[in-house]
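We did not get these values from a lab; they are worked out from the coordinates using the rules stated. As the structure is a computational prediction, the values presented were derived from the model and not from experiment. Cβ: placed from backbone, ideal geometry, glycine included. Neighbour counts: every protein chain shown.
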Protein chains: 2
Amino acid sequence: MNQVASPNNDLRQITTAGSWVAVDWGTSSLRAWLIDENGVTQNSAKSTQGAGTLQPSEFEGVLLDLIGDWLHSNAKPTQVFICGMAGSRQGWVEAEYVPVPTKLTELHQHLVSPKTGNARILPFIVPGLCQKSEQHPDVMRGEETLLLGILDELSDKSGVFCLPGTHSKWVEMEKGTVARTSTFLSGELFALIAKQSILRHSLETEAELDKDVFLATLDQLKSQEATLLGNLFGLRAGQLLNNTSPQAGASKLSALVIGTELLDMLAKCGDNPPKQVHLVGGSKLAQNYALALQHLGITPILHDADKAALKGLSAVRQGALNDNS
Amino acid sequence: MNQVASPNNDLRQITTAGSWVAVDWGTSSLRAWLIDENGVTQNSAKSTQGAGTLQPSEFEGVLLDLIGDWLHSNAKPTQVFICGMAGSRQGWVEAEYVPVPTKLTELHQHLVSPKTGNARILPFIVPGLCQKSEQHPDVMRGEETLLLGILDELSDKSGVFCLPGTHSKWVEMEKGTVARTSTFLSGELFALIAKQSILRHSLETEAELDKDVFLATLDQLKSQEATLLGNLFGLRAGQLLNNTSPQAGASKLSALVIGTELLDMLAKCGDNPPKQVHLVGGSKLAQNYALALQHLGITPILHDADKAALKGLSAVRQGALNDNS
């Protein structure tokens, strides 16, 4: 813990003065935005130096390389608010997992501040969330900040949220408080199957989604005529016997994985499925989730993940400012 | 097809004279047995030179290296009966997939014989099986021979069969005829998750099975409190939050994968689940399947896979001999 200054001391240094930097530092990528005194984005930058590839001692240098040009030339420190895997045990410095239920507007109370060798930056890392449960233990880092970022788009700050990705996150929120979370390994499993399994020869994952195949497979899953585990090998056998195209194979795999995730989540809701699900994404993947939700009779509401990260980091900073004022 | 001699010509050379060699040539391994005139196994050998690693031109040399010492010193050819992936399109020479329903005692009618440069061997490859279906296409190579090998242990040559492995095969057999087949990617998926996914740090797959964890996870699956996709990430979160041991994690993963496979199969049977399932295996894996089946109220009947392969190849040869007599 020698890299962590006492939060109380450092939080006092969060002032409104000058511009600041927002950073979303995930496992495989790093994005930064320069925000001016009026809250306007003046610059942005990104890098592939994700937290997963770095030693703790390397974070400061990587960040300075990326945003150094934005900083004041004198030693006046620029505040940098960071969410994501930079706060993991293997990251820059560990930020705790705050247990749910957690009110998102209180995330700033758990900021940690890595010590730096360079006086031009004053970094703060947002905590993650955890669900302490014997049956359904769960953790997240980064998604909590995105959720905070879309809070003011929601009339009653409640609902069901899905953040598709390598580890797809589902969140039930009640009046701004995260109540329950679930993580599906869908994205990682899709990639492993598509790139490493025997099916890799039968799948063209870069191709456009074949919507007919995608929706027909969803229907099979829904009517319990198909299951994920029981139908994977059929992608290969279908190519051998029926000349199923690798494009169709990839669309089928996508439906098997996404559909299984959605139907698992809906099954948990029993007789009371949500009428709408908030999708926080931006990629083609989120579009596929939206297509599947719509087909299952649920309205998808799309939110841009980049905007959500930036707004969430601004909200964390504002929370800290308010506490200091 | 220039490597394939006409089956009719070569089948005439299948005579009872002398000893012969049985070969089970899978993707990743090769096993051979020398059988004498009285049907007694005189020698056996194995190698890791599976069909998956070889070019078509390499099969003959690999086989001669392994069994050369068993062959007659003169040019009198020794019959070699081969099942498994050696008969795939990427194997020694392609043996067709015979469509189900197929009577197992007629497999020998579809033997193919690769041409050889060495007159000391006369090889025959057993065909695979396929299920030509738009919805549930399926293929197998090797398992059909194992099933033929246990036919005479079955009172009415009927039942449900499971051959656990990389690609776990399920077969419904009626009076010696394979009616339906299903393949689950369970073994391959388990290995990908355990070795390549983010869970690899949370799993100790070489450890002894923790039966309590295994059976409790099965119960969660059965009561629909857990699903495969929705609970994988919990293996990691459980280690982070609850200090779940990597041994317990591996046992849980095993139950999630095997349990999902078994429950998928049972769901297909609707209100008429089988009272018993024949398990053809021999490894620890088959023991885990047996434990799970028993826990679900189904009697597992274990058959040794090596013995089944040898007996199946003998039965194929006997079928060809009978046709020639």
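Distances, shortest first, from the label point of A:Lys211 to those at the same position in the other copies read 5.4 nm; the point lies 7 Å along Cα to C-beta. A cut-off under 13 angstrom between Cβ atoms defines the neighbours of A:His201, and their net charge, with Lys, Arg +1 and Asp, Glu -1, is +3.
Against the compact-protein benchmark of 2.2 N^0.38 Å, the Cα-based radius of gyration of chain B scales to 1.08.
If you find the alpha carbon centre of region A:31-84 and of region A:170-246, how far apart are they in angstrom? Using only Cα atoms, the two centres lie 36 Å from each other.
Step by step: find N for region A:183-305, compute 2.2 N^0.38 Å, then divide the Cα radius of gyration by it. What's the final number?
That ratio works out to 1.04.
Placing a label point 7 Å from the Cα of B:Thr177 along the Cα-to-Cβ direction, no residue of region B:107-142 has a backbone N closer than 11 Å.
For chain B, build the charge dipole from Cβ charges (+1 Lys, Arg; -1 Asp, Glu) around the Cα centre, then report which of B:Trp25, B:Leu104, B:Gln247 sits farthest towards its positive end. Comparing the listed Cα positions along the dipole, B:Trp25 ranks first.
The P(r) of the protein assembly as shown has a tail past 33 Å containing 54 percent of all C-alpha pairs.
Under a model in which nothing but the beta-carbon of Lys, Arg (+1) and Asp, Glu (-1) is charged, chain B shows a dipole of about 240 debye around its Cα centre. By the rule of a C-alpha distance below 15 Å, with chain neighbours fewer than 8 residues away ignored, the aspartates and glutamates paired with B:Lys307 are B:Asp24, B:Glu143, B:Glu144, B:Asp152, B:Glu153. Each copy carries a label point for A:Ala179 at 7 Å from Cα toward Cβ; from one copy, the others' points are 4.7 nm away, ordered from shortest. Rounded to the nearest 20, the Cβ-based charge dipole of the protein assembly as shown about its Cα centre (Lys and Arg +1, Asp and Glu -1) stands at 300 debye.
Cross-link pairs exceeding 32 Å in C-alpha to C-alpha distance, out of B:Lys46/B:Lys275; A:Lys195/B:Lys115; A:Lys169/A:Lys211; A:Lys195/B:Lys175, comprise B:Lys46/B:Lys275; A:Lys195/B:Lys115; A:Lys195/B:Lys175. Summary for A:Lys103: label point 7 Å along Cα→Cβ; distances to the equivalent points in the other copies, ascending, 7.8 nm.
Per-residue extension of 0.36 nm, minus the Cα-Cα distance of B:Arg89 and B:Ala191, leaves a gain of 34.2 nm for this segment.
Could you tell me which trypsin sites (Lys or Arg not before Pro) in region B:216-325 are loop residues by DSSP with no more than 15 other beta carbons within 10 angstrom of their beta carbon?
Hits after loop and neighbour filter: B:Lys275.
Among residues of chain A, the one whose beta-carbon sits closest to the A-to-B rotation axis is listed with its distance in Å as A:Leu192, 2. Dipole size of region B:183-305 about its Cα centre, with +1 on Lys/Arg Cβ and -1 on Asp/Glu Cβ: approximately 140 debye, rounded to the nearest 20. Packing order of peptides A:256-265, A:237-246, B:19-28, highest average first: A:256-265, B:19-28, A:237-246 (average count of other Cβ atoms within 10 Å over each peptide's residues). With a 10 Å cut-off around each Cβ of A:194-205, the average count of Cβ atoms from other chains is 2.
If you look at the Cα atoms of region B:128-228, you get an Rg and a Dmax of 17.0, 48 Å.
Loop-located trypsin sites (Lys or Arg not before Pro) in region A:135-196 (DSSP state not H, G, I, E or B) with no more than 13 neighbouring Cβ atoms inside 10 Å: A:Lys175. Panel values: region B:149-195, Kirkwood radius from alpha carbon pairs, Stokes-Einstein at 4 °C and 1.567 mPa s, translational diffusion coefficient 110 µm²/s.
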